[in-house]
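For reference, the structure discussed in these notes is given below.
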Amino acid sequence: MTWLRLVRGEIRKLTTTKMPWVFLVVLLIIAAIDAAVVVFGTDMDGSKTFIASGADQQSLMAFGFNAMLGTALFGTIAVAREYGHGTVVPTFLTSPRRPRAILAQQTAVSLAGAALALIGQVLIIAAVALALPSTDYGFMVSAGDLTQLLAASALAGAIGALLGAGLGAVIRNVGGSVTTVVLVLFVIPPLAVQLVTDAVSWIPTTLFSVISGVTAEVSLWAALIAIAAWALVPSAAGVMAVQRRDVV
Amino acid sequence: MTKIDASHALEIEHVTKRYGHDVVLDDLTFTVQPGRVTGFLGPNGAGKSTTMKILLDLARADRGHATIGGTRYREMEDPARTVGVVLEPNAFHPGRSGRNHLRVLTDAAGIPTDRIDQMLELVGLAQAADRHVGGYSLGMRQRLGLAAALLGDPPVLVLDEPGNGLDPQGIRWLRDLLRGRAAAGGTVFVSSHLLTEVEHLADDVVVVSRGRLVATGELSTLQQAGTSVRTAEPGRLTRLLRNAGATVHTGTEGDLIVRGIEIAEIGDSACAAGIALHALIPQAGSLEELFLDWTSNNNTPIYGADTGDMATERLAVPL
């Protein structure tokens, strides 16, 4: 009961600033770009084969990795700014058992991340569906595939937000934690693939491609476990860091 | 207040805190009693805020421990209804309204939301409740912090410089509020650098300097704890008394103001040294004078009388 109250307080924090609205505007822009690509984009030969099949359209709309990156930024800003503004002090005064407070915060941020990613995926699907009539192709993605896309995006949103929240709690500085998120998701994976070719199957872009049903480098279960590890490691690091440190 | 009883004393016991090689608190021990307002004084960097953070489990002591009603803060089941805290006037998200800041706290602590409007009204922020905190003045942020501290109607208040930024009416209101809480049996522990305000507000004081306790006890007793001495050999007597552990400075009428040792000991020491005394008179001092004496180089703790447990371990030195 107490923990649920803490989660509710954390959700209240997230919904009483402008930050979610800023991310929603970004999602609208991404959906508009996808629609513009459908309307104006062509392949090298001038055709529109990139939307010629259900699989092609599903691939275009797959939002998993972008959702993870976006919500990782959302999560890390939401948590790191708590230290910058000092609002973590009333949090720990209300819940002096810090792991419980941090788990409530990570839960709230993950739920918000999942919601944002789901909204983003819905907007993209709607934008593509609205743009397709301007081409020679209809909307060919099945209901089952759409469900998989939505589920994958919601998962990506939760996972990304959790990863960001963990890094935010470890680093406690908005600039530093945003930089770290970009390094972890954008810079380190390609470098790792350069060093170990097999690593390509375990980086977030590949894993969400599998989870979204676009590719099949590894099994779905292996992809789910691997992507969970990407979030749980920084999440656990955040809990441990907060447990040990003084709040100054 | 929900629960008020004698069990809400604050106990700081042998607390030592280091940051790197710097000793911020050095074996600090004192008690804050319920039913009284206790002023917590010390120069900048004396360790007041660190002491409060250790009491509230926001910082960990390297040695010793602090309890509220015999319980560590981190072990409290319902801290928001037990302890109200004001620590930093800027611990708010500037883009969140004052009302929403309080909503976050009531949600997290399970406090009825009707307390929000009651507290906003109490602190005089009802008209500004829906404005972003970023647009608040320092005084308004202090009032919001006080509203947050009082949300759970706690029997214990721990307030770090709550008067900062308040206008004279606000200071008066705060004084009445805190005195009312103490009169109802609450424990009020308030740090301040406004000595005249503490003089009006506090029943007891705890004074720290460089992380060490330098004085604690009932303020009125401590204020009486000085002696005015007249002698033809002030320089010699000053050296003698300082060697005996007293603080000595020259008063406005050329007399010596002596604190830290008993009046009889002054007379005996002077007699033994063959120094003639022309007057030996108990002397009350202002809190400012006392504070400057306490926080000078003399590190011998001074304990005032009649404060219950506060003076039980190392008995009062009647001055």
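The values are calculated or read from the model by the stated rules, or taken from the named source; none is laboratory data. Quick caveat, the model's predicted, so the values are computed rather than measured. Note that each Cβ is placed from the backbone with ideal geometry, even for glycine, and that neighbours are counted across all protein chains shown.
Within region B:56-67, the set of residues being within 11 Å of chain A (Cβ to nearest Cβ) and under 26 Å from A:Leu6 (Cα atoms) comprises B:Leu56, B:Asp57, B:Leu58, B:Ala59, B:Arg60. The residues listed here are B:Ala147, B:Ala108, B:Ala182; of these, the one that is within 14 Å of another protein chain (Cβ to nearest Cβ), touching a residue at least 40 places away in the same chain (Cβ under 8 Å), of a type in the set (A, V, I, L, M) and not in a loop (DSSP other than H, G, I, E, B) is B:Ala147.
Of the helices (runs of 4 or more DSSP H) lying entirely inside region B:204-299, those containing at least 1 residues that are over 25 Å from B:Ala9 (Cβ atoms) span B:234-243, B:263-272, B:287-294.
Applying the set (1) over 28 Å from A:Thr2 (Cα atoms); (2) at pLDDT below 95; (3) crowded, with 22+ Cβ neighbours inside 10 Å to B:Leu28 leaves exactly one unmet item: (2).
Hey, does region B:119-127 have a residue that's within 13 Å of another protein chain (Cβ to nearest Cβ) and of a type outside the set (D, E, K, R)?
Among the residues of region B:119-127, not one is within 13 Å of another protein chain (Cβ to nearest Cβ) and of a type outside the set (D, E, K, R), which makes the answer no.
Pick from B:His65, B:His101: which is in contact (Cβ under 8 Å) with a residue 24 or more places away in the chain, of a type outside the set (Gly, Ala, Ser) and in a strand (DSSP E or B)? Of B:His65, B:His101, the one residue that is in contact (Cβ under 8 Å) with a residue 24 or more places away in the chain, of a type outside the set (Gly, Ala, Ser) and in a strand (DSSP E or B) is B:His65.
Restricting attention to region B:79-97 and to residues that are in contact (Cβ under 8 Å) with a residue 60 or more places away in the chain and facing another protein chain (nearest Cβ under 9 Å), the residue that is surrounded by the fewest Cβ atoms within 10 Å (Cβ to Cβ) turns out to be B:Glu88. For beta carbons closer than 7 Å, sequence separation of 6+ or different chains, a first residue in region A:226-248 that is within 16 Å of A:Glu82 (Cβ to Cβ) and a second that is surrounded by fewer than 16 Cβ atoms within 10 Å (Cβ to Cβ), the qualifying pairs are A:Val239/A:Pro99; A:Gln243/A:Pro99; A:Asp246/B:Arg60. Of all residue pairs spaced 6 or more apart or on separate chains, those with beta-carbon atoms under 8 Å, a first member in region B:245-260 that is closer than 15 Å to B:Thr295 by Cβ and of a type in the set (S, T, N, Q) and a second member that is part of a strand (DSSP E or B) and at pLDDT 85 or above are B:Thr247/B:Val258. Of the residues A:Ala104, A:Ala72, A:Ala114, only one is within 14 Å of chain B (Cβ to nearest Cβ), within 17 Å of A:Gly164 (Cβ to Cβ) and within 19 Å of the chain's Cα centre (by Cα); which? Residue meeting the stated conditions: A:Ala104.
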